[in-house]
Every structure is written in structure tokens, then in C-alpha cells.
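J.: Submitted below is the structure of interest, expressed as C-alpha cells.
Quick note: the coordinates plus some simple rules give every number you see, no bench work behind them. Predicted, not measured: the structure shown is a model, and the values here were computed from it. Note: ideal-geometry Cβ built from the backbone for every residue, glycine included; neighbour counts use all protein chains shown.
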Amino acid sequence: MSANSTIRRTQGFRKSTVKTRFFAKVRVAPGTDCLEWAGTRINNGYGRLKVYGLDVVAHRFSYELFVGPIPEGMQLDHLCRNRACVRPDHLEPVTPQENTLRGETLTARYAERTHCDNGHPFAGENLIQTSAGHRECRQCKRDRQARYRARRSAAKLAAEHATVTPTGVEATR
Ligand SMILES: [Zn+2]
Ligand SMILES: [Zn+2]
């Protein structure tokens, strides 16, 4: 359920009431000009609220309430890099690709790099472009999978061994 449709569904209610209720959960973040969501937060740091029984993301809702509809397929970028901020003029609609590149994340730094942490080239056969716009090293992925398989078979062996000689469990750990 997108915030878009939430706004449409709440249009029957008085917008001023919605705004008042919304601002009751907003605080000025100390030392900034951000307006932070003081209510529930999602794991990723974004604010969340219930509007007439619907779960909505706080900053998206704020943008639609005070600015207007978020264009189809666009994400809202926090210009202030504060994910809990719901101040409309700190938000800008961008494409998901742009948003990923702007983020102060590993992904953004990765996008500028020509090699992975282990020195494998981000090029040709070795480069994996994920659907989310991330880049991954094929060699490292292969190595990770190999390590994972090795750990699993080691764990399986240990488990089998433990079943056969239950008294030896303490000693093998
Ligand atoms: Zn802000
Ligand atoms: Zn690599």
C-alpha cells in the first residue's frame, strides 16, 4: 500500500485534522533544522504511522500532505541524510538509481570503485549488476558460497559425529 493511495483515501477527511495529528508526533532535532518523527520507527530508521488504519511511511506521507503526490516510480531522497526527518523541503523525489548513488552507503562508495575489497576487477565477467542497481564481485560471491558450503559440511560432519559419540561432544568443541 503506497502513500499515494493513502492520501487519496484520506481525502474524505478534513486535511487540517490530519496535519494537526501528524505534527503532534514531530520534534525539532537538536542542532539541526530537521523535523524528526518522534513516533514509531521502522528498522531502517524511517518513521511510521497509522492513518485511518493504514500503515504509512512518515516522510512520504508528509511530502504528499504538504507538497503533493510523489511521481510514479520515484523515491524520496533525504537531502539532510536524516531518515527520521519529515520536513517536506528536506525531501526530493529522485529515481531509485539516483537515490542509491546519493546515499552515504557502501553502495555509493562501491559505485566509484574499479575493484572490490579483495582486488578483483569490477568489469566484464566478474561484475554482477543486481536488479537493485548494486554491483557485486563474482569471484568474491563464489568464494563466499564455497566458504559457506565448507562450513555447512563441517557442521554436518560434527553433528553426525556428535550423534555417534554423545560423550565426546564437550571434548570436540
Ligand atoms: Zn531534515
Ligand atoms: Zn572480489
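J.: What is the distance, in nm, between label points placed 7 Å from the Cα along the Cα-to-Cβ direction at Leu127 and at Arg83?
T.: Label at Leu127, label at Arg83, 2.8 nm between them.
J.: Another one. In terms of modelled amide H atoms, which long-range or inter-chain residues lie less than 5 Å from the amide H of Val26?
T.: Excluding prolines and chain starts, which carry no amide H, the hits are Ala38.
J.: Karplus couplings for region 144-150 from phi (6.51 cos²θ - 1.76 cosθ + 1.60, θ = phi - 60°), rounded to Hz, Gly and Pro as x?
T.: Running phi through 6.51 cos²θ - 1.76 cosθ + 1.60 with θ = phi - 60° gives 4, 5, 5, 5, 4, 4, 4 Hz.
J.: Work out the FRET efficiency for Asn43 and Arg152 from their Cβ-Cβ distance, taking R0 = 30 Å, and round it to the nearest 0.05.
T.: About 0.60, to the nearest 0.05.
J.: Something else now. Taking neighbour counts of Cβ atoms within 10 Å as a proxy for exposure, in what order, fewest first, do Leu157, Leu54 appear?
T.: Leu157, Leu54
J.: Whose amide H sits under 5 Å from the amide H of Val51, counting only residues 5 or more places off or on another chain, with H placed in the peptide plane?
T.: Counting only residues 5 or more places away or on other chains, the set is Val56.
J.: Would you kindly give the portion of the calculated P(r) for region 3-93 that falls above 16 Å, as a percent of all Cα pairs?
T.: 50 percent
J.: Please list 3J(HN,Hα) in residue order for region 58-74, calculated via the Karplus relation 6.51 cos²θ - 1.76 cosθ + 1.60 where θ = phi - 60°; whole Hz, with x for glycine and proline.
T.: Once rounded to whole Hz, the list reads 4, 6, 5, 4, 4, 4, 5, 5, 9, 10, x, x, 7, x, 3, x, 9.
J.: Quick check on packing: order 74-80, 93-99, 27-33, 58-64 by the mean number of other C-beta atoms within 10 Å, highest mean leading.
T.: 58-64, 74-80, 93-99, 27-33
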